[in-house]
Amino acid sequence: MTGRLAGRTVLVTRPAPQAAALAQAIQAAGGAAYVFPALAIEAVSQAALGEPLARLRHADIAIFVSPSAAQFGMAAILAGGGLAPSTEIFAVGPGTARALQAQGINGVITPDGQDSEALLTLPQLTDVAGKRVVIVRGVGGRALLADTLAARGARVDFLECYRRQRPHADAAPLLACWRAGGIDAVTVTSAETLHNLAALLGETAVPLLLRTPLFVPHEKIADAARRFGVARVIATQGGDAGLVDGLINWFRNNP
């Protein structure tokens, strides 16, 4: 892979704690990464999580929906006494599973895919009538997982352990680089990140974003980007490796 992104600079917009790994992968492929987080993650206070943590102690199933859910959720869970040994642990995607394993959680069940739809196909989540399920997520996450499990007869609660926010950032250095031709591609990992980036750039600079190739790790995000007006949207496989492979393939075919 080394050298296949030589001469290319890729904008990395992930939250600061998650941006380094993708930046390193881009650099390992010979490219340069311009890190400009367009999403900030803030933990919900431990005091606000008392009731959800109490419900989690009696849960049959705990589902972590993202690496941030694993990071902030497990911090709160461990501070609140830990998980019950009988609770089955599920992760939406391998990145979330790795984040749980890094915190000593073994036996995590995860699908081959990268989203809630793939998770819901697992046989362990097909027959959940009467089971107590806690979904560990950010405030205001997608409804699909909870609604589907409730329709299958589960008792669903949430542990909403973090908030997503637009960061306060000065986009002037980025814009100077971009206007000088210094940004060849943009990566975003959620529609919210894309909208935050546009807001941080400012209305007059949005055309730069709309005409730069945009790489996203899921078709749902790609659809949102096309609706926003981005001209060239490339949906890749999930995770850092999927994004970097997508970048390499694009620039190989579009020198």
For PRO173: the one exception among (1) farther than 22 Å from ILE41 by Cα; (2) in contact with a Lys or Arg (Cβ under 6 Å, 6 or more places away or on another chain); (3) not polar (S, T, N, Q): (2)
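Condition check ((1) free of Cβ contacts under 8 Å to residues at least 12 places away in the same chain; (2) under 18 Å from LEU214 (Cβ atoms); (3) among the small types (Gly, Ala, Ser)) across all residues:
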| residue | (1), (2), (3) |
| --- | --- |
| ALA19 | no, yes, yes |
| ALA40 | no, no, yes |
| GLN46 | no, no, no |
| PRO52 | no, no, no |
| ALA62 | no, no, yes |
In the range 76-134, the residues that are on the phi > 0 side of the Ramachandran plot and in contact (Cβ under 8 Å) with a residue 12 or more places away in the chain: GLY81, GLY93, GLY107, GLY130
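Is it fair to say PRO67 is within 17 Å of the chain's Cα centre (by Cα), at pLDDT 95 or above and not hydrophobic (A, V, I, L, M, F, W, C)?
Against the criterion (within 17 Å of the chain's Cα centre (by Cα), at pLDDT 95 or above and not hydrophobic (A, V, I, L, M, F, W, C)), PRO67 does not qualify.
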Test: residue in the range 39-61 that is in contact with an Asp or Glu (Cβ under 9 Å, 6 or more places away or on another chain), assigned to a strand (DSSP E or B) and among the small types (Gly, Ala, Ser): no
Test: residue in the range 146-161 that is in a helix (DSSP H, G or I), free of Cβ contacts under 8 Å to residues at least 40 places away in the same chain and either buried (at least 18 other Cβ atoms within 10 Å of the Cβ) or touching a Gly at 6+ places or on another chain (Cβ under 7 Å) (or both): yes
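What residue, among those in the range 4-50 that are of a type in the set (Val, Ile, Thr) and in contact with a Leu (Cβ under 6 Å, 6 or more places away or on another chain), is surrounded by the fewest Cβ atoms within 10 Å (Cβ to Cβ)? Give the derivation first.
Kept after step one, since they are of a type in the set (Val, Ile, Thr), are these residues of the range 4-50: 9-10, 12-13, 26, 35, 41, 44.
Still in the running and in contact with a Leu (Cβ under 6 Å, 6 or more places away or on another chain): 12-13.
Numbers: VAL12: 25, THR13: 22.
Per the stated criteria, the residue is THR13.
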Selection count where residues are surrounded by fewer than 19 Cβ atoms within 10 Å (Cβ to Cβ) and within 22 Å of GLY31 (Cβ to Cβ), scope the range 172-209: 9
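For every residue, the table says whether it meets (1) of a type in the set (A, V, I, L, M, F, W, C); (2) closer than 30 Å to LEU174 by Cβ; (3) at pLDDT 95 or above.
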site	(1), (2), (3)
ALA23	yes, yes, yes
GLY50	no, no, no
GLN71	no, yes, no
ALA102	yes, no, no
SER116	no, no, no
Complete set of residues in the range 6-21 that are at pLDDT 95 or above and either touching an Asp or Glu at 6+ places or on another chain (Cβ under 9 Å) or in a helix (DSSP H, G or I) (or both): ARG8, THR9, VAL10, LEU11
Unique residue being touching a Pro at 6+ places or on another chain (Cβ under 8 Å) and either within 30 Å of GLY182 (Cα to Cα) or β-branched (Val, Ile, Thr) (or both) when the list is ALA23, ALA38: ALA38
Counted residues, the range 54-63 - those being at pLDDT 95 or above and surrounded by fewer than 20 Cβ atoms within 10 Å (Cβ to Cβ): 1
Helices (runs of 4 or more DSSP H) wholly inside the range 162-228 containing at least 1 residues that are within 16 Å of the chain's Cα centre (by Cα): 191-201, 219-228
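The values are calculated or read from the model by the stated rules, or taken from the named source; none is laboratory data. Just so you know, these numbers come straight off a predicted model, no measurement behind them. As a convention, Cβ positions derive from the backbone with ideal geometry for all residues, glycine included, and neighbour counts pool all protein chains shown.
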